[in-house]
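Chemist: Quick one: this structure, given as structure tokens, is what I'll be asking you about.
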Amino acid sequence: MQTVTTPETPKAPAPAAVQPFKYPLERQFVEPDWTRIPGYRDVSKSDWESALWQRRHTIKNLKELRAALGALLPEALATSIERDQREKATMSILITPHMVNTMNTDDLWGDPLRRYMLPAFDDRHPVYSNHPRASRDSLHEAEMWKVEGLTHRYPTKVLAELLSTCPQYCGHCTRMDLVGNDVPQVDKLKFTVAQPERWTQMLDYLRKTPTVRDVVVSGGDVANVPIAQLESFVSQLLDIPNVRDIRLASKGLMGIPQHYLQDNVMAAMERLARKAFERNVDLALHTHVNNANQVTPLLGKAARRLLEMGFRDVRNQGVLLRGVNATSRDLLELSFMLLDHARILPYYFYMCDMIPNSEHWRVAVWEAQKLQHDIMGYMPGFATPRIVCDVPYVGKRWVHQVAEYDREKGISYWTKNYRTGIELQDPEALNKRYEFFDPLYTLPESGQQWWRANANTEQLAHSIHA
Ligand code: SF4
């Protein structure tokens, strides 16, 4: 006998699933209108696009900030920034009008750029504003100087700090020990060897060290090196046969793109790009953009010009900062803005280093691992940024490379596979475990109690170790 089955009543279609992150982005790619800001109301387009005008009007103190923002700056915020400068800040105020213009002036308390360029006392954690193990020069770069300003930390790579100033100062600067002006909390380390002697010593070291193939030319920020001097230094680097990769480090590409759009700067960059290409050397520029709001047409124009003239790449090395970009949405928006509008490769996001008073910006390793997980798969693999932890005495490690992790005390342990420049005689260097620390307020109560018992109150609240 044949069995007759009744067809099932078709189910209603499942509701459309929604991607956790939506692309294309809804945000626009426009230069914000600077005339909305009281201090810039009468500034012409040609002045705004002039590097000289931007430098002359760069804000250096609270008085100038008040003059620029007028009634847009809440009085309570101004007072809090002033208190922070007196009691906590490790960098002085320095911010270009171009950067001010990328802030949300309707909500300066909550604005991501304001939160790291103009830190306020009330932004900081009320109990744990400092980690007991934070230190000046937390990466020990000066300890690894081969000549003054030349850090040899990795086997084949060096960092050349040409100068100690920038066109802008970031509150979380990892080189707060050396970079910028003295502030009430910090007397900065000063170079003692005069330039150009210092630069000559760097070049001599590189000529006689064939194991080095990769030079990061930094500072500070190379946008503050007079262009003829920068061209001469980089050109001499290009004459060293073992140097195969040169990366110019400049947050100024974002902070003051007008600098890079000047004819004399572009002409020098073009000559360097041509020479690099002829010598089979990869010349790239590494910038530092932390939030999608900072990707504007002027940045896009400057980055594209560098690519047009033969730079191998323009790459972004952002810093992962709570309240600025530490959500998967923030990181993806920034990465897509960089890729789609400026052809800048989203290369790294560094975890914020363990410098003094940086706790409210820092995220825990487990948070960074979750963020790395959540941003995978949206962009091409080559353009998916890696979130890295720069572990003292180790160097960059992908956040999933942690060897052991005590979540209760927030201590992660890392290993390495090379000796830094100061460990060439140390037989144990590759067998040790190196520590990194989560912010204490991310720990369970038992972990916080352990730290309270093992660190003094002054270290927890406020301390700048030599
Ligand atoms: S631009 Fe770089 S070196 Fe200069 S203050 Fe900012 S983070 Fe520090």
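Chemist: Could you check the simple spin-label distance between Glu197 and Arg329, using points 7 Å along Cα→Cβ, in nm with one decimal?
Modeler: 5.6
Chemist: While we're on this one: Hand me the chymotrypsin sites (Phe, Trp or Tyr not before Pro) from the stretch 367-466 located in a DSSP loop with no more than 14 other Cβ atoms within 10 Å, in residue order please.
Modeler: Values: sites: Tyr378, Phe382, Tyr393, Trp398, Tyr405, Tyr413, Trp414, Tyr418, Tyr434, Phe436, Phe437, Tyr441, Trp450, Trp451; in loops: Tyr378, Tyr393, Tyr418.
Here the sparse-neighbourhood loop sites are Tyr418.
Chemist: Now for a different question. For an R0 of 41 angstrom, estimate the FRET efficiency from the Cβ-Cβ distance between Thr156 and Ala228 and round to the nearest 0.05.
Modeler: 0.90
Chemist: Within the stretch 147-180, what residues put their amide N at less than 19 Å from the label point 7 Å along the Cα-to-Cβ vector of Ile422?
Modeler: Once the point is set 7 Å along Cα→Cβ of Ile422, 147-161, 174-179 turn out to lie under 19 Å by backbone N, inside the stretch 147-180.
Chemist: Further question on the same structure: Report the extension gain between Arg41 and Glu270 in nm, rounded to one decimal, defined as 0.36 nm multiplied by the number of residues separating them, less their alpha carbon distance.
Modeler: Numbers: separation 229, 0.36 × 229 = 82.44 nm, distance 3.51 nm.
Between Arg41 and Glu270, full extension yields an extra 78.9 nm.
Chemist: For the chain, give me the percentage of DSSP beta bridges that are antiparallel, rounded to the nearest 5 percent.
Modeler: 40
Chemist: What distance in nm separates the two pseudo spin-label positions at Ala76 and Met376, each 7 Å out from Cα along the beta-carbon direction?
Modeler: About 4.3 nm, to one decimal.
Chemist: Want the number for Asn456 to Asn104: 0.36 nm per residue separation, take away the alpha-carbon distance, what's left?
Modeler: Contour length minus Cα-Cα distance gives 122.8 nm.
Chemist: Between Arg56 and Glu408, what is the label-point separation in nm under the 7 Å Cα-to-beta-carbon projection?
Modeler: It is 6.3 nm.
Chemist: Here is a follow-up. Taking the mean number of other Cβ atoms within 10 Å as a proxy for protection, how do you rank 260-272, 94-106, 146-158, 284-296 from highest to lowest?
Modeler: Answer by packing, highest mean first, reads 284-296, 94-106, 146-158, 260-272.
Chemist: In debye, nearest 20: dipole of the stretch 175-270 around its Cα centre with unit charges on the Cβ of K, R (+) and D, E (-)?
Modeler: 280
Chemist: Could you give the length gained on full extension between Arg83 and Arg433, defined as 0.36 nm per residue of separation minus the Cα-Cα distance, in nm? Intermediate results must be reported in sequence, preceding the final value.
Modeler: Numbers: separation 350, 0.36 × 350 = 126.00 nm, distance 3.90 nm.
Residue separation times 0.36 nm, minus the Cα-Cα distance, leaves 122.1 nm.
No lab work stands behind these numbers, since they all come straight from the coordinates. Just so it is clear, the structure is predicted and the values come from calculations on it, not from any experiment. A quick note on method: Cβ atoms are made from the backbone with ideal geometry, for glycine too, and the neighbour counts reach across all protein chains shown.
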